[in-house]
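Okay, so here's the structure we're looking at.
The values are calculated or read from the model by the stated rules, or taken from the named source; none is laboratory data. Since we're looking at a predicted model, the values are computed, not measured. All Cβ positions, glycine included, derive from the backbone under ideal geometry; neighbour counts span all protein chains shown. To get the accessible areas, we keep the full protein, side chains included, count just its heavy atoms, and leave off ligands, DNA and RNA. Shrake-Rupley method; radii C 1.70, N 1.55, O 1.52, S 1.80 Å.
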Amino acid sequence: MTMPFLRRRGAPLLFALGMLSFSVLLLMRSRGLHPFVFADELYYSTYARITALADAGLPSYLYLWIFGSTNACDFRFLSCARGLNIGFFVASAPFIYLTARSVCGRITALAITLLSMFGPVNSLTTYFMPESMYFFGFSVLAWVALTRRAMHWAAHALLAGAALGMMLLTKVHAVFLLPALCLFIAYARWRAPVESRWTMLAAPLLTAALALGLRFGLGYLLAGANGLHLFGAFYGVQAENANLVARLLTIVPDALRNGAGHGMLLALMFGLPLATLILTAVHKLTRDAASEPSRTLMVYTVLMLGAPLAMTIGYTASMYRVEGLRIHMRYYDFAFPLLLMVAGARIGAWQPRARYWLPAAIAAALAAAAWYGTVHVPLDFRLNFIDCPEGASLDLMMAFWLGTATLALWIWRQDLAARLFIFGAAPLMCWNAWEAFDPYLKQQHYASSFDLAGQYLRDHLTPADQKQLAIAGTELSSLMRAKFYASQADVQLVHVEKDMPLDLSMIPPRQKWLIVVGKHALPEGFTASVTTPDFQLVRLHLAHHSLGKADMSSKTAHPDLLASYSGFANPETWGRWSLGSTVTLEFKNPLPKHANLLVTAMAYGPNADQWFTATAGDATTKFRVTLIPQESLVRLQTDGKQRKVTFTIPQPISPKDIGASGDERKIGLGLMAVEVGSGD
């Protein structure tokens, strides 16, 4: 009587203790790490801790609301965010186990759960990002979709919709799972033997209705009217500008190349489950021999892995001209436990007699893709621990030989091959990935100059001072790293080329403090009040009295300030692009003799960090514009009679010229706003 009792009561307790120990291990591993994913961590941290949800640019309202609680940890907010991440990640384990248990034995289900927990995906718990919470949501969704099918069809559909609705409020990417989930819900109703066929239509409609209803309903409760925008301000602009239909022919070649990269890596890591999926799809005897839960799992895996994979490939292809061939596995690695379950379901399963040529052909094709990947993935693709923790931490040759061995055995005995994969190959690759990731994490224990600058502003500048602070330095991501420590969202960032002196046009006149990180000489007349080997703190003293501001995204710009303007394209949601080599602004009133123009703008392509020229009568000055939106100070000494200012663009160029899109407009300056003021 003792052993059955322990199996019933002791196993869950041991499981809970094991997951608690694993949580402590993850906490210890993340201890002392500095932030290192920018701009993502800055955006999520700012929207969660500093700005109101109604003003959040990212529509992850549930995530932002929950992680706003990290403010209670004061300057240790990042450690608390990592603790929440670990909590959500480890809370996925019971749902993964229960889902695996529906197709596997207890030991196999436990092994799959441990592999899912110890896999490279756990590295995402170290970031102030929603990946861990999203992983939890997907684990709950899989449990609902796959193990609750015996419920009343409406209850099953609504429960799945509720789970996806919560995921939509965690990451907007869940919208790409909605069509796949609806197809699966329809399939589940089709396979139900006693239900009317009309439920195949009604059930997915219920799922979609509740998912979207929760997304917009809770979004409105948390963020007001802005919560009704599906993609939010940040992704909304990208969606408006993407125009994927018009660019389809342009991105297809890049999509094929990027898709090949994903395919090679998946063949290296998951050759056996992929072989099982392919054989089941093309071989009727194998398909008929599979149990109903196993077939359902495979359909769900194809849909819920295929949808985010297709989205990832399309997104990466659309950004190829800017970012190159990056592999973003973190956009779909939350579905990898499903592939482990596909393999685990073959353990103990009956294997129908079939001609060996078909499994041999499938195994050979996957082994060839894996071998090709060992050579071309590191040469042709950009892998890093943030975008692709699985690929970056993978020993390609070890994965190839382990995968080839399991595929060779799979041709003969699928059951034995599945055991080798789950209990041999996958744990070895998992352990290797853990070891490979460790040195990368150790690098993040060292504080950079930007970390030290950020910690200084956190410890020595009051919130009021931070509202009037700018940080200057090289590399946008490093500037964001310094800003991450601030308690205010108003900190401005000033990008400066490496070792280049600060030009007066780069000094923000409205700010009172400037931290200059790195070796950058200050403009004449400016001295540092605090100097360290890593940064300088400068008290600013520029005079600026605002006389008016024009928003260039408006169709009328600003009728009280501008009489006319020329040389611009039609307005967009953010502002206007210049067309050609010059643009002209004509003001209603003459410019002051000591005129300050605060130009909020971004440069396009090769115009970044080149000299733009501003001319008003005989007065001429130069200023720089960066790739990111930034406010530049343009100072003009006029005769007090000039109304027109002309900006000369250094290198007008079309997106078509650099292969970014089919847009043939010669652009160079993206003007968002211009403010006129007096320097007296």
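On C-alpha positions alone, give me the angle between the axis of helix 426-443 and the longest principal axis of the chain, in degrees, nearest 10.
In the chain, helix 426-443 runs at an angle near 20 degrees to the longest axis.
Taking the Cα-to-Cβ direction at residue 641 and at residue 148 and moving 7 Å from each Cα, how far apart do the two end points lie in nm?
7.8 nm
With both bridge residues required to lie in the chain, what share of the DSSP beta bridges run antiparallel, to the nearest 5%?
85 percent
So what are the ³J(HN,Hα) numbers for the range 475-492, from phi and the Karplus equation (6.51, -1.76, 1.60; θ = phi - 60°), rounded to whole Hz, Gly and Pro as x?
6, 4, 4, 5, 4, 5, 4, 5, 5, 3, 7, 6, 9, 10, 8, 7, 4, 8
Can you show me the helix-derived [θ] at 222 nm for the chain, built from DSSP H runs with n ≥ 4 at -39,500 (n - 2.57) apiece and divided by the number of residues, rounded to the nearest 500.
For the chain, the value works out to -16000 deg cm²/dmol.
Using just the C-alpha positions of the range 527-623 as equal point scatterers, what log10 of I(q)/I(0) does the Debye formula give at each q in 0.13, 0.17 1/Å?
Values, matching the q order: -0.63, -0.95.
Please report, for the Cα atoms of the chain, the Rg to one decimal and the Dmax as a whole number; what are they, in angstrom?
Cα radius of gyration and Dmax of the chain are 28.5, 101 Å respectively.
With the crude spin-label approximation of a point 7 Å out along Cα→Cβ, what separation in nm comes out for residue 368 versus residue 611?
Distance between label points: 5.9 nm.
Working from the alpha-carbon coordinates of the range 299-456, get Rg over Rh, Rh being the Kirkwood radius.
Dividing the radius of gyration by the Kirkwood radius yields 1.05.
Over the range 421-554, what is the percentage of antiparallel beta bridges among all DSSP beta bridges, to the nearest 5?
Once the DSSP bridges in the range 421-554 are tallied, antiparallel ones form about 50 percent.
Arrange the residues 173, 376 by how much accessible surface each exposes, largest first, with a 1.4 angstrom probe.
Ranked from most to least accessible, the order is 376, 173.
For helix 177-191, what angle does its Cα long axis make with the longest principal axis of the chain, in degrees from 0 to 90 and rounded to 10?
Result, in degrees: 20.
Starting from the Cα of residue 664, step 7 Å along the direction of its Cβ; do the same at residue 73; then give the gap between the two resulting points in nm.
Using points 7 Å along Cα→Cβ, the separation is 5.5 nm.
What are the extents of the Cα atoms of the range 609-680 along their three principal axes, listed from largest to smallest and rounded to whole Å?
Result for the range 609-680: principal-axis Cα extents of 45, 21, 18 Å.
Over all distinct Cα pairs, what is the inverse of the mean 1/r for the range 557-680, reported as the Kirkwood hydrodynamic radius in Å?
14.6 Å
Quick check: net charge around residue 509, other residues with Cβ under 11 Å of its Cβ, Lys/Arg +1 and Asp/Glu -1?
+1
Explain nothing, just compute: Karplus ³J(HN,Hα) = 6.51 cos²θ - 1.76 cosθ + 1.60, θ = phi - 60°, for every residue of the range 451-467 in order, whole Hz, x for Gly and Pro.
My calculation for the range 451-467 gives 4, 5, 5, x, 5, 5, 5, 5, 8, 10, 10, 5, x, 5, 5, 5, 5 Hz in order.
Quick check for me: using +1 on Lys/Arg Cβ and -1 on Asp/Glu Cβ, what's the dipole size of the chain about its Cα centre, in debye to the nearest 20?
Rounded to the nearest 20 debye, it is 2020 debye.
Along the charge dipole of the chain, pointing to its positive end and built from +1/-1 on Cβ of Lys, Arg, Asp and Glu, which listed residue (434, 317, 581) has its Cα farthest out?
434
Give, to the nearest whole percent, the P(r) tail of the range 105-230 beyond 17 angstrom, counting all Cα pairs.
It works out to 62 percent of all Cα pairs.
Using only the Cα atoms of the range 557-609, construct the convex hull and provide its projected area averaged over every direction, in square nanometres to one decimal.
Hull-based average projected area comes out at 4.8 nm².
Compute the projected area of the convex hull of the Cα atoms of the range 165-227, averaged over all viewing directions, and report it in nm² to one decimal place.
Across all orientations, the range 165-227 yields a mean hull projection of 4.4 nm².
If the label point is 7 Å along Cα→Cβ of residue 360, which residues in the range 386-422 have backbone nitrogen under 16 Å from it?
Backbone N within reach: 407-414.
Per the 1.4 Å probe, what fraction of the accessible area of the chain, in percent, lies on carbon and sulfur atoms?
62 percent
Given the protein chains as shown and a 1.4 Å probe, how many square angstrom of residue 229 are accessible, to the nearest 10?
Number for this one is 110 Å².
Please compute the contact order of the range 510-582 in relative form: average sequence separation of alpha-carbon pairs under 8 Å and at least six residues apart, divided by the residue count, as a percent.
Result for the range 510-582 is 22 percent.
Would you mind calculating the relative contact order of the chain from Cα pairs under 8 angstrom and at least 6 residues apart, reporting the percent as a whole number?
Answer for the chain is 11 percent.
Report the trypsin sites (Lys or Arg not before Pro) located in the range 539-609 that are in a DSSP loop and have at most 14 other Cβ atoms inside 10 Å of their Cβ, or state none.
Of the trypsin sites (Lys or Arg not before Pro), the ones in loops of the range 539-609 whose Cβ has at most 14 other Cβ atoms within 10 Å are 555, 588.
Along the charge dipole of the chain, Cβ charges K/R +1 and D/E -1, which of 47, 472, 370 sits furthest on the positive end?
370
Using Cα atoms only, what is the angle between the long axis of helix 357-380 and the major principal axis of the chain, expressed in degrees (0 to 90) to the nearest 10?
Here the helix axis deviates by roughly 20 degrees.
Can you work out the accessible area per residue across the chain, with the rest of the protein chains kept in place, probe 1.4 Å, in square angstrom?
Ligands and nucleic acids excluded, the result is 42 Å² per residue.
Remind me, relative contact order of the range 636-680 in percent, using alpha carbon pairs under 8 angstrom and six or more residues apart?
26 percent
State the Kirkwood hydrodynamic radius of the range 3-150 in Å, one decimal place, computed from all pairs of distinct Cα atoms.
Computed over the range 3-150, the radius equals 16.6 Å.
What's the whole-number percent of alpha carbon pairs in the range 383-424 lying beyond 11 angstrom?
The calculated P(r) of the range 383-424 puts 66 percent of pairs beyond 11 Å.
Using the reciprocal of the averaged 1/r over all distinct C-alpha pairs, how large is the Kirkwood radius of the range 436-590 in Å?
Result for the range 436-590, one decimal place: 18.0 Å.
If you take every residue apart from residue 270 with its C-beta less than 15 Å away from the C-beta of residue 270, what net charge results, scoring Lys and Arg +1 and Asp and Glu -1?
In short, -1.
Magnitude of the Cβ-charge dipole of the range 453-505, K/R +1 and D/E -1, about the Cα centre, nearest 20 debye?
Once rounded to the nearest 20, the dipole reads 200 debye.
Calculate the tail of P(r) for the range 593-648: the fraction of all Cα-Cα distances greater than 14 Å, expressed in %.
50 percent
Shape call for the range 109-176 from the C-alpha gyration tensor, a ≥ b ≥ c root eigenvalues: rounded (a/c under 1.5), prolate (a/b greater than b/c) or oblate?
Oblate shape, in that a/c is at least 1.5 and b/c is the bigger or equal ratio.
Residue 553: accessible area at probe 1.4 Å, nearest 10 Å²?
30 Å²
Give the longest segment of the chain that steers clear of GluC sites (Glu not before Pro) in DSSP loops with at most 13 neighbouring Cβ atoms within 10 Å, not counting the sites themselves.
No qualifying site falls inside 1-496, the longest such stretch.
Given C-alpha coordinates of the range 431-482, what is the ratio Rg to Rh with the Kirkwood estimate of Rh?
1.17
Across 10 Å bins from the origin, how do the percents of Cα pairs in the range 452-523 run, short distances first?
Bin by bin from 0 Å, the calculated values are 22, 56, 22, 0.
Report the local net charge at residue 614: Lys and Arg +1, Asp and Glu -1, summed over other residues whose C-beta lies under 12 Å from its C-beta.
+4
Rounded to the nearest 20 Debye, what is the dipole magnitude of the range 568-680 about its Cα centre when Lys and Arg each give +1 and Asp and Glu each give -1 at the C-beta?
Dipole of the range 568-680, to the nearest 20 debye: 240 debye.
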